[in-house]
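The values are calculated or read from the model by the stated rules, or taken from the named source; none is laboratory data. The structure presented is a predicted model; accordingly, all values stated were derived computationally and were not measured.
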Amino acid sequence: MARSHDEVSSPEQDEVLHALVSAVTDRHLEVPAAMLLEVARPFHLLIQQAFLLTHPLLRPWVGDRPLVWAEMLKDDGAIDRALRLLSGSRTPVDPEHRRATQGDR
């Protein structure tokens with residue numbers, strides 16, 4: 001049975017997506033990450049297979065993460081959910097806050 005794009009994902013997938021978005025936003029890389037996800041969208045099945053292929057080589061360093069990511073990419077809506085989370089995490093920066101954190105240059 002095919003899954004629809006609007007179907008709710010599993011809690012494990014949501015955890016992984018939230019961890020990914022949190023790591024990206026902590027580094028202030030929302031725009032490059034969104035661009036990468038948009039470019040990767042047509043190739044999600046190929047990327048999934050690459051994760052499965054490289055898992056045995058990467059396992060000592062990253063554990064089972066490639067398998068989790070490959071499982072997520074089986075779902076056509078995973079990239080869309082990640083993009084929605086990224087776009088929701090971007091908040092406009094207040095000019096006063098920017099000046100206070102960067103100082104007067």
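Just a yes or no: is a residue in region 83-101 of a type in the set (S, T, N, Q) and modelled with pLDDT of 90 or more?
no
Can you pull out the residues in region 50-86 that are assigned to a helix (DSSP H, G or I) and over 17 Å from the mean Cα position of the chain (by Cα)?
LEU52, LEU53, THR54, HIS55, PRO56, LEU57, LEU58, ARG59, PRO60, TRP61
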